[in-house]
Amino acid sequence: MEFKFNVNDIFKQPIVEINNNLIPPGFSGDRRALWDTLGKVSEVVNTMGEASAVAQGLSKPITTAERLRNSEHKLYFLIDQAANNGKGAVTGMLKTGNKGLYVFDRDGQHYQVTPPCILDFYIHESRQRTGLGKHLFEHMLQKEEIEPVKMAIDRPSDKLLGFLNKHYLLNSPVKQMNNYVVFDGFFPKSAEPSHVTESKPSGNLGRKESANGLQKFTSPQGRYGAPRPPCSMGQIIHNQTTNNKNQEPTGVKSLPATNYQGVHLGGAQIVSQ
């Protein structure tokens, strides 16, 4: 994406990180220069956000300068410093941030977690299939010191899911009701009890906290000490049957299993592999 102004004067590195103050790394100057720079950075954020929304078929951008100012999110911009006759161009954008989420695993266990998330991912159409998406994504992983499997993805497109499968062997996504997607490695392994420790009883009945920050709600007993049945909501989300006669009280008739349909996946977008 080319601009009328000199992009290299604002973004002095091949990959730059912008937070809610919108001040690019390495900025120096007086107040007038600062306001001029903030205006140009805002233009870049809004233009790239609009392009990402068009690529995803969204009615409005999910990335804007105003939203960034009012959040704790981060934007990574990929810069081609030789483009536009040496003025530079912005060729990619990746937005990340922590979100408080409730998620289910494949067994219907319910977790409360605030993981790093992929919120928007866009590579300019003129640079598709050139490896820029992988380059930008790898930079983000190293900067934030995280594995892709430990991240939640907001409304991923089929292209982004294909990207994660191709480069990081992440397949069979666990789709959530909140339109986020996670993968099996996102959850603690039940085969490794050292990863999950009981929390203090006071005010946290049935809650377990794992080493990766997940809070697991798995109280083994229901009201009056009766065995707690499987979580039907989690089974519905993952298209699992809730009919299990051995787990139902005598005389209670099973309801037919319901397949949850219509989960819209469209959010984080990548157009380059």
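For this structure, a couple of remarks:
- Test result for S190, modelled with pLDDT under 90, within 23 Å of L58 (Cα to Cα), more than 21 Å from the chain's Cα centre (by Cα) and not in a strand (DSSP E or B): no
- Selection status of T91, β-branched (V, I, T) and in a loop (DSSP other than H, G, I, E, B): no
- Every listed requirement among (1) surrounded by 15 or more Cβ atoms within 10 Å (Cβ to Cβ); (2) more than 13 Å from the chain's Cα centre (by Cα); (3) over 21 Å from S71 (Cα atoms); (4) not aromatic (F, W, Y) is met by Q112 save one, (3).
- Extreme residue, farthest from the chain's Cα centre (by Cα), among residues of segment 124-160 that are hydroxyl-bearing (S, T, Y) and closer than 19 Å to A82 by Cβ: S126
- Across segment 96-109, the qualifying residues are those that are under 21 Å from K143 (Cα atoms) and in contact (Cβ under 8 Å) with a residue 40 or more places away in the chain, and the one among them that is nearest to the chain's Cα centre (by Cα) is T96.
- V45 fulfils the conditions (1) at pLDDT below 95; (2) touching a Leu at 6+ places or on another chain (Cβ under 7 Å); (3) not polar (S, T, N, Q) except for a single criterion, (1).
- Of all residues in segment 138-149, none that is in a loop (DSSP other than H, G, I, E, B) and of a type outside the set (S, T, Y) has its Cβ atom under 7 Å from the Cβ atom of a residue that is loosely packed, with under 13 Cβ neighbours inside 10 Å and modelled with pLDDT under 95, 6 or more apart or on another chain.
- Elements of type helices (runs of 4 or more DSSP H) contained in segment 6-78, each with 3 or more residues being under 19 Å from I123 (Cα atoms) and not aromatic (F, W, Y): 31-56
- Yes/no for N85 being in the same structural domain as M1 (by TED's automatic domain parsing), modelled with pLDDT of 95 or more and of a type in the set (S, T, N, Q): no
- Within segment 94-106, being out of contact with any Lys or Arg (no Cβ under 8 Å at 6 or more places or on another chain) and part of a strand (DSSP E or B) holds for L94, N98, L101, Y102, V103, F104.
The values are calculated or read from the model by the stated rules, or taken from the named source; none is laboratory data. From a predicted model like this one, the values you see are computed outputs, not experimental measurements. So basically every Cβ, Gly included, is an ideal-geometry build from the backbone, and we count neighbours across all protein chains shown.
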